[in-house]
Amino acid sequence: MELGEEIAQRTAFGQALVELGAKIPNMLVLDADVGPSTQTHLFGRAYPDRFIEVGIAEQNMVGIAAGLSTLGFIPWVSTFAVFMTKRAGDQIRNSIAHARANVKINGAYGGLPTGRAGATHSAVEDLAVMRAMPGMIVMDPADPREAIACAQLAMDIEGPVYVRTVRCPVPVIFPEHHKVALGKAVKLHEGKDVAIISSGMMTPRALKAVEVLEGQGVSARLLHMPTIKPIDVEAIRDATESIGTILTVENHSVIGGLGGAVCEVAAEHAPCRIKRLGFPDIFLESGDDEVLFGRYGLDSAGIAAAAKALAEGGKKG
Amino acid sequence: MAPEYDVGSLESVARQIRALIIDTAHAAGAGHTGGSLSEVEILTALYFSFLKVDPSRPDWEERDRFILSKGHASLGYYVTLALRGYFPLDSLKTFDREDSALQAHPDMHKCKGVDYSTGSLGQGLSIGLGMALGRLKKNLQFMTVVLLGDGECQEGQVWEAAMFAGSKRIPKLIAIVDYNKVQLSNTIDANLSLEPFSIKWEAFGWNVLSVNGHNIADLLSALSRARAMAERGPVVIIANTIKGKGVSFMEGNYEWHGKAPNDQEYIAAKKELSDR
């Protein structure tokens, strides 16, 4: 894995599970017939005795994991984020979150890139749903290396954790042995005209946008949020106070995810002009990932344009 | 572990549980009385005879596991656990009150003896299945028993779990259905019939036993057969019961699903129970 190399996050995550499995003998993985897609089948091949295929029965999968956790096993449940967080939403809430079960939840195929599967398969609200669950930790890693770091961190935490991964290739932006700290933003660029706060696969795009902005004479601070919950309150407060205008960028609905979380913090601590870039309140559709991302300004050009408009509009917007 | 009781003594325990359910519901002004009264003999047979449990060691690794999947019937469960010695009978006075260990629905982190939190229907069998799978992986010998409500069996997740357990022939897993024929808003048959119920479970790969769920001797014999049969795959005991059993004006009446008796009803209910 080299810096700049494009690797599917799901593959890196699937391999990370295999590596974690070698170190942690009581770790199990459960999937609901989408192992070749989520890449948990890599774990299944490596440890057939520790992989449970439940069939297309997400609710039962979550319940089984809950029961297994009472015997000291640390199960991962994995399927597409859209089904994981809604089809099995009540089971995650009651059998996992309320019971404080030590179960790790992987929502694969987060956001728009679903291999042209369209509206029914695109999780535009998984972060919002999971963030609202009491006690749930929510991670949205940026690149393949951070997906690995999140898998590791999830295992280090006692209790339920949601880790979102995406299907499409994402450029490696973090160095080897990159670590994630709960509730800590990663400052990827310093600037003074506008703060961009991004999460997940939008961060590599935001990083490119920052370079574009530099060429245009706009100085942007880029904060990456690997954990949407807990969120880095201090970093947001500092951005509102020292820069005063924020652009949030996420592969998710603008309602309830990163943008919503940043607005909540800013509104309580130091209100400022914030623009949320993400999907408006709509279902997505099938088609080419990049064409569709472009429609919502979720490519580096779109991010740069939105940031520039904010920087030029100043704090009044 | 389980004290040795004859059927007569167990029947007397069941009478005590029934009376305490009415007392507790009346004092709290809350509780799911109907479904708690229908499960009394089932819980008596389990906690005072069948289950290998030790109230002084609620976390004992080899204890048999019990999940009240019909978590709203917590009243009957708490009374049984208290009588069995998990916590003082006095705690029942706190039922459903603020800060109580005895929440409206069982909370494993608050109430001693509760093996898993429940409340949202349809989830207990999957959790029990997970325990049974974990037991196999760890080569422990305990039995997992899940008590389901009949209305709860309208939930799809129950059948996802049933399909998995039956198809994989998961051993040492016993489901008991408290088939009291009545749910919150009406009878089961009026809302959504489960029949042919036994045939459904059989088709899902389960061994099925049917009993009178208010007859302790029948329950004990079914549980004993189930223990042996469960070595080869999952077993379900369909316990035919009466919602509100023991109090004539509650029996078979859906209005008593989630209601506690007022003072007048309390006196009448207690009189009926003491006359038996």
Candidates B:ARG57, B:ARG18, B:ARG63, filtered to the one that is over 18 Å from the mean Cα position of the chain (by Cα) and either away from every other protein chain (no Cβ under 14 Å) or open to solvent by 10 Å² or more (accessible area, probe 1.4 Å) (or both)
B:ARG57
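Condition (residue is more than 13 Å from chain A (Cβ to nearest Cβ), assigned to a helix (DSSP H, G or I) and closer than 20 Å to B:GLY213 by Cβ) applied to region B:153-165: is it met by at least one residue?
yes
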Return a yes/no flag: does region B:241-250 have any residue that is out of contact with any helix residue (DSSP H, G or I) (no Cβ under 8 Å at 6 or more places or on another chain), surrounded by fewer than 17 Cβ atoms within 10 Å (Cβ to Cβ) and without any contact (Cβ under 8 Å) to a residue 24 or more places away in the chain.
no
For region B:255-276, which residues satisfy the criterion of being surrounded by fewer than 21 Cβ atoms within 10 Å (Cβ to Cβ) and farther than 19 Å from B:LEU20 by Cβ?
B:GLU255, B:GLN264
Residue among A:VAL138, A:VAL166, A:VAL161 that is outside the structural domain of A:GLU264 (by TED's automatic domain parsing), touching a Pro at 6+ places or on another chain (Cβ under 8 Å) and either open to solvent by 10 Å² or more (accessible area, probe 1.4 Å) or not polar (S, T, N, Q) (or both):
A:VAL166
Filtering region B:106-136 for residues that are without any contact (Cβ under 8 Å) to a residue 40 or more places away in the chain, more than 7 Å from chain A (Cβ to nearest Cβ) and open to solvent by 20 Å² or more (accessible area, probe 1.4 Å) leaves a count of 2
Is it true that some residue in region A:234-253 is within 19 Å of A:ALA305 (Cα to Cα) and free of Cβ contacts under 8 Å to residues at least 40 places away in the same chain?
no
Test B:SER248 against the stated conditions and say whether it is at pLDDT 95 or above and part of a helix (DSSP H, G or I).
no
Among the numbered conditions (1) open to solvent by 30 Å² or more (accessible area, probe 1.4 Å); (2) assigned to a helix (DSSP H, G or I); (3) closer than 23 Å to B:ARG225 by Cβ, tell me where B:ARG169 comes up short.
(2)
For B:THR94, which of the numbered conditions (1) within 14 Å of another protein chain (Cβ to nearest Cβ); (2) of a type in the set (S, T, N, Q); (3) open to solvent by 10 Å² or more (accessible area, probe 1.4 Å) fails to hold?
(1)
Within region A:84-112, how many residues turn out to be more than 10 Å from chain B (Cβ to nearest Cβ) and surrounded by fewer than 23 Cβ atoms within 10 Å (Cβ to Cβ)?
5
Have a look at B:GLU195, B:GLU202 and point out the one that is part of a loop (DSSP other than H, G, I, E, B), more than 22 Å from A:ALA97 (Cβ to Cβ), open to solvent by 50 Å² or more (accessible area, probe 1.4 Å) and away from every other protein chain (no Cβ under 12 Å).
B:GLU195
Evaluation of A:ASN26 against (1) surrounded by fewer than 19 Cβ atoms within 10 Å (Cβ to Cβ); (2) of a type in the set (S, T, N, Q); (3) within 25 Å of the chain's Cα centre (by Cα) (one fails), failing number
(3)
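Against the definition (open to solvent by 40 Å² or more (accessible area, probe 1.4 Å), modelled with pLDDT of 95 or more and hydrophobic (A, V, I, L, M, F, W, C)), how does A:ILE52 come out, yes or no?
On the way: open to solvent by 40 Å² or more (accessible area, probe 1.4 Å): no; modelled with pLDDT of 95 or more: yes; hydrophobic (A, V, I, L, M, F, W, C): yes.
Spelling it out, it is not the case that A:ILE52 is open to solvent by 40 Å² or more (accessible area, probe 1.4 Å), modelled with pLDDT of 95 or more and hydrophobic (A, V, I, L, M, F, W, C).
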Name the pairs: first residue in region A:44-70 and more than 8 Å from chain B (Cβ to nearest Cβ) and in contact (Cβ under 8 Å) with a residue 12 or more places away in the chain, second residue in a helix (DSSP H, G or I) and β-branched (Val, Ile, Thr), Cβ to Cβ under 8 Å, at least 6 apart or on different chains?
A:ALA46/A:VAL18; A:TYR47/A:VAL18
Of the conditions (1) touching a residue at least 24 places away in the same chain (Cβ under 8 Å); (2) more than 15 Å from the chain's Cα centre (by Cα), B:LYS168 satisfies every one except a single condition; which number is it?
(1)
Evaluate region A:9-18: report whether one residue or more is in a helix (DSSP H, G or I), surrounded by fewer than 19 Cβ atoms within 10 Å (Cβ to Cβ) and facing chain B (nearest Cβ under 10 Å).
no
Among the strands (runs of 3 or more DSSP E) lying completely within region A:139-209, list those that include at least 3 residues that are in contact with a helix residue (DSSP H, G or I) (Cβ under 8 Å, 6 or more places away or on another chain) and under 30 Å from A:THR70 (Cβ atoms).
A:161-164
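The values are calculated or read from the model by the stated rules, or taken from the named source; none is laboratory data. The structure presented is a predicted model; accordingly, all values stated were derived computationally and were not measured. Don't worry about glycine lacking a Cβ; one is built from the backbone with ideal geometry, like all the others, and counts go over all protein chains shown. Please note that ligands, DNA and RNA were not included when accessible areas were found on the heavy atoms of the full protein model with its side chains. Shrake-Rupley method; radii C 1.70, N 1.55, O 1.52, S 1.80 Å.
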